[in-house]
Amino acid sequence: MFKCIIDFFTKRKTSFTIEEQDPMKKFLIVGLGNIGPKYENTRHNIGFKILDFFARQESLIFETQKLGDVCTYKLKGRTFIFLKPSTYMNLSGKAISYWLTKEKVPMENLLVITDDLNLPFGSLRIKTKGSDGGHNGLKDTQHTLNTTKYNRFRFGISDAFSKGKQVDYVLGEWSLEEEEKLAERLEKSTEIIKSFGLAGINNTMNAFNGK
């Protein structure tokens, strides 16, 4: 009888452990940006800004680990691993590849958040594949992962700069008008991240693209 009781609890424990480690319930959410106070409030760092906003909303604390700052968020049986690479934008792929492998996250559960000059300010667009669009962070990610088929969440920063001023604009800080509108856009961005893990990429695209 005692053996039956022991076997029962052993089986239950084993089943629970397997469920906890189910890779399909684990998601890697990567916000692209550059480290250091110099870049903190720049348009190019919207990936960091979105994850920082989410962390504040949910009382999460990032910890500095290999190749980036990392924190974990759990929601309805899903585990979201948030990553802010410390490799600087041009080597983002190195950190993404490392954490995908370390956490055994399937490629389809990766979401990369980036700024996009080709979208109006505050526009939100989720895609399952595409070119790097001239973005160095996406270019390195594509090169390192050896694929263009990975989910990306593009946050529009517009192209309101004069000829030859693209770098200054991207690495410039938000205008006062943009700052006033950012809070609502950041809130919507957290909804996108949650939806990605709970509802899947296709439902998330249908629900949020262009909103």
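Name the residues in segment 52-88 that are among the aliphatic types (A, V, I, L, M) and part of a helix (DSSP H, G or I), would you?
Residue satisfying the conditions is ALA55 alone.
Taking segment 192-211 on its own, how many of its residues are surrounded by fewer than 14 Cβ atoms within 10 Å (Cβ to Cβ) and within 18 Å of ARG78 (Cβ to Cβ)?
5
SER162 - would you say it is over 19 Å from VAL30 (Cα atoms), in contact with a Phe, Trp or Tyr (Cβ under 6 Å, 6 or more places away or on another chain) and in a loop (DSSP other than H, G, I, E, B)?
no
Please go through segment 35-51 and pick out each residue that is part of a helix (DSSP H, G or I) and either touching a His at 6+ places or on another chain (Cβ under 8 Å) or not aliphatic (A, V, I, L, M) (or both).
ARG43, HIS44, ASN45, GLY47, PHE48, LYS49
Return the residue satisfying two criteria in turn: it lies in segment 140-150 and is in a loop (DSSP other than H, G, I, E, B) and exposed (fewer than 14 other Cβ atoms within 10 Å of the Cβ), and of such residues it is nearest to the chain's Cα centre (by Cα).
Selected residue: LYS149.
Exactly one condition in (1) surrounded by 15 or more Cβ atoms within 10 Å (Cβ to Cβ); (2) aliphatic (A, V, I, L, M); (3) not in a loop (DSSP other than H, G, I, E, B) is not met by VAL167; state its number.
(1)
For residues that are surrounded by 15 or more Cβ atoms within 10 Å (Cβ to Cβ) and of a type in the set (Ser, Thr, Tyr), scanning just segment 111-139, find the one that is farthest from SER158 (Cα to Cα).
Applying the filter and picking the extreme gives THR114.
What number of residues within segment 89-110 satisfy the criterion of being crowded, with 18+ Cβ neighbours inside 10 Å and not in a helix (DSSP H, G or I)?
Qualifying residue count, segment 89-110: 2.
Every number in this text was worked out from the coordinates using simple rules, so none of it is lab data. What you are looking at is a predicted structure, and each value in this text was computed from that prediction instead of being measured. Cβ sites come from the backbone with ideal geometry, for glycine too, and all protein chains shown count toward neighbours.
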